[in-house]
Amino acid sequence: MSAGAEDGALAEARATIAQQAEEIERLRRRLGEERLAEELRDALSLAGTAAVIAAPVSHTRLLELIVETAAAVIGARAGALFLIDEAAQELIFEVAIGPKAAEVKKFRVPLGHGIAGLVAVSGQPMAVSDASNDPRQAADIARDVGYAPGSILAVPLVAEERVIGVLELLDKEGAASFSPDDIATLGLFAQQAGVAVEQSGTRRRLAGLLSGVLGGLGDRTASPSDLQDRAGAFADGVEVDPAYEDALSLASLVQEIASQGDRERMACRALLEGFAGYLRTRPTAGSWGTGLGEAR
Amino acid sequence: MSQLRPAWSAAFATDALQTLHPIPGLDDLTPEWAWGSSTGAGVKVAIIDSGIDADHPAVGGVQGYVQIGGTPEALTYDESPHGDAYGHGNACAGIIRSLAPECELYSVKVLGAGLTGKGIHFAAGLRWAIEAGMDVCNLSLGSTKQDFFGILHELADLAYFRHIPLVVAANNLPAPSFPSTYAAVVSVAAHDVPDPERFYYNPDPPVEFGAHGIDVRVAWQGGSWITATGNSFATPHIAGIVARILTKHPGLTVFQLKTILRALAANVARVGV
């Protein structure tokens, strides 16, 4: 074999190896995306089940999943998610993933602040490709999370025509900027995610209301109007939904009993605690229909 | 009895008819005829956005201001100078100024630091621009809320009948945004060719025109610059060109303007070009 032919064969082998590596990487990423997509789908369907009152930690996990999935599918080194507090006109920084994620604490910023603020107020996505080149850009929220990204893509989280938050990806992998395709893909994804976040948030508020009512039973200083305010605030946060109407009527029933006097209140509490204790020991957390009749 | 005419027909009575200037045949239109050597002088351009920083080097001065605030029952119109809440208005102003350096820029601030009432403020800002006699309006924003479909439609038609082109960014997400979907406006989305005077016509609307909007170097907050992507940044390219056309050809109707833009779009195979 001549030296030239040997070089050619070597180059061919190298090319094949590179091609295979690329294919494996592609498959690996696809698998990763599918696993994440599956996990997200599960979380989304869980969030859709209004009857299940989960711990707040699952809400945070849902938000993390949204950012993780978005970053994996689009190819970004870091990401963050903000929710809007409409009453305070502020963005609440909820979760971050990426190199500096562990150092970041939950914080709030006024809506009139940086790219995320603009996206929240305009409802329009935006991509920036040279964010780190200009020190005067330091006002942006990306800097507040202790990270100076080269590129930013921010899209609104929308539920029922309302912007409820902002999903922000930082540093596109393998390119100087996020592409128009990335904007379209992440925009579509954020529309789905917005609905899930809204449902999960409603569920969490419901859990908060019920625990407030039950907690109030042991507290002589809690006034009935406190609970009414709480129920009212909750009702303002949800559209008319039969599932929540049931929960609200349960809450007001408990409140009515509690307001009769100490003995009535303690009896109600004991009854509910006993029932809750029974539910906790059940083998499955299935629906009423399948759960109650089953014995081991 | 000869005085009796159907409603709305008075303008077409023989003695009331106005004689109009012809425009060249479509095949004879050239960029030189349309906007060549024009600086946008004398044309009032309203930028309905997040405000403008007059001292940003790219902006080169602002000739008038209004900031909309208050509640739907008691709207406020503050005409004292203001700044840009985000940088988005600076980006639009800078692009228009670069194409039409002698146009008059009016900052109509409807996007501030909050969400409350912004749809109402947007509609009120647009109405202000129409009533204040602006020649062109740049709307690199819109509303996706059905609640505002009617009022924005009414305002888009009012502007059309007053011969005020509304140059409006299409939604960056695949959902309709108002007023960009109305036939009376000049709607714009983004292309990636870094040429500020290159624009395309889309024969399959609702989005009719495409201009540079991908990785555009734009003015931003506090005198800074960023490279940004969005239909927001394509829109002022068309608004700037429209301002230049209106300096040379004042009084054009919106449909004439669209015809000229259609004829001069870069994807039209022109005879002898």
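The values are calculated or read from the model by the stated rules, or taken from the named source; none is laboratory data. Since this is a predicted model, take the numbers as computed values, not measurements. Neighbour counts are summed over all protein chains in view; Cβ atoms, including those assigned to glycine, are modelled from backbone coordinates with ideal geometry. The accessibility values were calculated without ligands, DNA or RNA, using every heavy atom of the protein model including side chains. Shrake-Rupley method; radii C 1.70, N 1.55, O 1.52, S 1.80 Å.
What the table shows:
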quantity	calculated
Beta bridge orientation in region B:39-264: antiparallel %, DSSP, nearest 5	30 percent
Net +/- balance of residues flanking A:I183 in space, Cβ distance below 15 Å, scoring K and R +1, D and E -1	-4
Solvent accessible area, Å² - A:V109, 1.4 Å probe, full protein context	10 Å²
Order by protection proxy (mean Cβ within 10 Å, highest first), peptides A:120-131, B:248-259, B:24-35	A:120-131, B:248-259, B:24-35
Anchor A:K100: lysines whose Cα lies under 19 Å away (excluding residues fewer than 8 positions away in-chain)	A:K172
Computed accessible area, B:T227, all protein chains, 1.4 angstrom probe, square angstrom	20 Å²
Pairs from B:K145/B:K248; B:K44/B:K145; B:K145/B:K258; B:K109/B:K258 whose Cα-Cα separation, in the structure shown, is over 32 Å	B:K145/B:K248
Theoretical ellipticity at 222 nm over chain B - DSSP helices of four or more residues, -39500 (n - 2.57) apiece, nearest 500	-8500 deg cm²/dmol
Computed accessible area, B:S224, all protein chains, 1.4 angstrom probe, square angstrom	0 Å²
Convex hull (Cα only) mean projected area of region A:66-110, reported in nm² to one decimal	3.4 nm²
Projected-area mean, chain B, by convex hull of Cα positions, square nanometres	16.6 nm²
Contact order relative to length of region B:39-264, as percent, for alpha carbon pairs under 8 angstrom and 6 or more apart	24 percent
Partner chain coverage, peptide B:136-147 - average Cβ within 10 angstrom	2
Where chymotrypsin sites (Phe, Trp or Tyr not before Pro) fall in DSSP loop in region B:49-103, at most 10 other Cβ within 10 Å	none
Residues of type lysines that A:K106 reaches as a straight line, Cα spacing below 22 Å, ignoring anything fewer than 8 places off in the same chain	none
Alpha carbon Rg of region B:1-133, scaled by the compact-globule rule 2.2 N^0.38 Å	1.44
